[in-house]
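S.K.: Here you go, one structure.
The values are calculated or read from the model by the stated rules, or taken from the named source; none is laboratory data. Everything quoted here is computed from the prediction, not taken from an experiment. Cβ atoms come from the backbone with ideal geometry, glycine included; neighbour counts cover every protein chain shown.
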Amino acid sequence: MNSRILIADNDREIRESLASVLTENDFICIKVSDGDEAIRKIKEDNFDILIVDIKLPKWDGIQVLDKVIKISPKTMTMMITASATVETAIEALRKGAIDYLTKPLDYNDVVVRVKKMRKLQQILLENQYLKQEIHSKYNQNLIIGESSAMQNVYTMINKVAHSSSNILITGKSGTGKELVARAIHQNSPRVDAPFIPINCGAIPENLFESELFGFKKGSFTGAIMDKDGVFRAANGGTLFLDEVGEIPVHIQVKLLRAIEEKEIKPIGSPSSLKVDARILSATNKDLLKEIEEGNFREDLYYRLNIIDIHLPSLSERRDDIPPLVNHFISKYNQELKRKVLGVDNETMKVLMNYKWKGEVRELENVIERAVLLCESECITLRDLPPHAFTGISMEYADDLKTSVRNFEKQHILSILKRVDNDKNKCADIIGIGLSSLYRKIDELGIKL
């Protein structure tokens, strides 16, 4: 994990023993012998965990804890205390320490406790970036589609998930590229580590470096405290760079180095930090064309594009529109407290023939609106946005007789569904007698 630990103890034997056992477990350890030096190190560099003895020269452990909470609030503190000062350790816990150790130390227990602290730290970092709504509102990892085009995508996800190779996900905006990235992460050995998404198209150019790599307090105007970048937040897990084609060229150089060297240097930090994050990227741009135009580095492209997964547009997978529609109806029935059963045949035909320029995202928006406005059990054409669907109708046969017959059949079916198969109401709406409606049902082969 390459987590950084600062050990502050005036007992040389304890310092060396702690550093030795923790280094053997892949932690990076820095040792100091007094409180003053501990505070100076915290100000100069990033540390995930501070292990500090309560009895220290110059500044005692409680004073160091008070300083650390203000200087580096994301650093977790573990206190070391003699058995006679357990009450002081409890005071430290109340002030913000995460754990405490009593002398003589059980070094195996120390390793277990430190690993638990790092696990807690990773969970907190993940929650900071993902937000609660990702889990509460909908299942981000649910990819809908039964078409052959989507089956190819599923096959690729299964093939690449267990590797550590970088993946480039391509496709038009709204096709679900982040869903694929999340599915890869969820099926990978990194599933218990953070998945950190960042939209590169939403970051101002002057903030790219700090968002990616973080910064130290005081490194520039406004840097009032240390900040971890997304690389460090994704340590041990997966970093998803959405709209990767929007990253400025001068930042691409530093991104390439971070990927190749597996280390980052926060702005204002005197040293680099090792990071282990799998990189998943997504773009709706033609990056090869961007390379020709000088907007994207060729070496970065090949570093990101070890494996390419292309997401088909809805026009290439129209058979997936009905299950997508049903999925979104179910989702928004739950969110909006509605009881819509589905869409009528005429409306489904329109939805399948419509040119979805906004892809799946546009389809979802249309269905959300329709579920909200629907006044019957089934969504009809009148529930669709008029500005987008005005004048859209089904594809009919070339000869007039067959086209008229198809229209009559679909129209009667849609009215019957609207009135819950009440034939008297249906006849009144259509403007024909009840006997004529029965004759039409028989002639048109309508099955009720």
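S.K.: Going by the conditions given, is Asp319 among the acidic types (Asp, Glu), surrounded by fewer than 16 Cβ atoms within 10 Å (Cβ to Cβ) and part of a helix (DSSP H, G or I)?
M.R.: Criteria met by Asp319.
S.K.: Okay, next question. Which one of these is among the acidic types (Asp, Glu) and closer than 30 Å to Leu256 by Cβ: Asp286, Asp319?
M.R.: Asp286 is the lone residue from the list that is among the acidic types (Asp, Glu) and closer than 30 Å to Leu256 by Cβ.
S.K.: Does Lys74 count as in contact with a Gly (Cβ under 6 Å, 6 or more places away or on another chain) and either crowded, with 16+ Cβ neighbours inside 10 Å or touching a residue at least 12 places away in the same chain (Cβ under 8 Å) (or both)?
M.R.: no
S.K.: If you don't mind, there's one more thing I want to ask. If you go through the stretch 284-312, how many residues are part of a loop (DSSP other than H, G, I, E, B) and farther than 16 Å from Gln151 by Cβ?
M.R.: Within the stretch 284-312, residues that are part of a loop (DSSP other than H, G, I, E, B) and farther than 16 Å from Gln151 by Cβ number 10.
S.K.: Continuing with this model, one more query. Could you grab the pairs with beta carbons closer than 6 Å, sequence gap of 6+ or different chains, first residue in the stretch 408-428 and not assigned by TED's automatic domain parsing to the domain that holds Arg382, second one among the charged types (D, E, K, R) and part of a helix (DSSP H, G or I)?
M.R.: Correct list of pairs: Gln410/Glu346; Ser414/Glu346; Val419/Lys425.
S.K.: I've got another one for you. Among (1) charged (D, E, K, R); (2) farther than 20 Å from Gly171 by Cβ; (3) surrounded by 17 or more Cβ atoms within 10 Å (Cβ to Cβ), which single condition is Glu246 missing?
M.R.: Status for Glu246: all satisfied but (2).
S.K.: Going by what's in this entry, would Ser281 be described as surrounded by 13 or more Cβ atoms within 10 Å (Cβ to Cβ) and in a loop (DSSP other than H, G, I, E, B)?
M.R.: No; evaluated as a whole, the condition is false for this residue.
S.K.: Mind counting the residues in the stretch 260-278 that are crowded, with 18+ Cβ neighbours inside 10 Å and either under 23 Å from His162 (Cβ atoms) or in contact with a Cys (Cβ under 8 Å, 6 or more places away or on another chain) (or both)?
M.R.: Total satisfying the criteria: 3.
S.K.: Take the conditions under 30 Å from Arg40 (Cβ atoms) and small (Gly, Ala, Ser) and apply them to Ala282. Does it pass?
M.R.: Answer is no for this residue.
S.K.: Continuing with this model, one more query. State which residue pairs qualify: first residue under 13 Å from Val52 (Cα atoms) and inside the stretch 86-106, second residue at pLDDT below 85 in any location, beta carbons under 6 Å apart, and separation of 6 or more residues or different chains.
M.R.: If the second residue must be at pLDDT below 85, the pairs left are Ala89/Thr81; Tyr100/Thr81; Tyr100/Ala89; Thr102/Thr81; Thr102/Ser83; Lys103/Ala82.
S.K.: In addition: What's the number of the condition Ser330 fails, among (1) assigned to a strand (DSSP E or B); (2) surrounded by fewer than 17 Cβ atoms within 10 Å (Cβ to Cβ)?
M.R.: The failed condition is (1).
S.K.: Further, regarding this structure: Can you pull out the residues in the stretch 333-361 that are free of Cβ contacts under 8 Å to residues at least 24 places away in the same chain and in contact with a Gly (Cβ under 6 Å, 6 or more places away or on another chain)?
M.R.: Hits for the stretch 333-361: nothing passes.
S.K.: How many residues, within the stretch 23-46, are touching a residue at least 60 places away in the same chain (Cβ under 8 Å), assigned to a helix (DSSP H, G or I) and more than 16 Å from Met76 (Cα to Cα)?
M.R.: Qualifying residue count for the region: 1.
S.K.: Given the options Leu93, Leu56, Leu18, name the one that is part of a loop (DSSP other than H, G, I, E, B), farther than 30 Å from Ile267 by Cβ and not assigned by TED's automatic domain parsing to the domain that holds Ala277.
M.R.: So the residue among Leu93, Leu56, Leu18 that is part of a loop (DSSP other than H, G, I, E, B), farther than 30 Å from Ile267 by Cβ and not assigned by TED's automatic domain parsing to the domain that holds Ala277 is Leu56.
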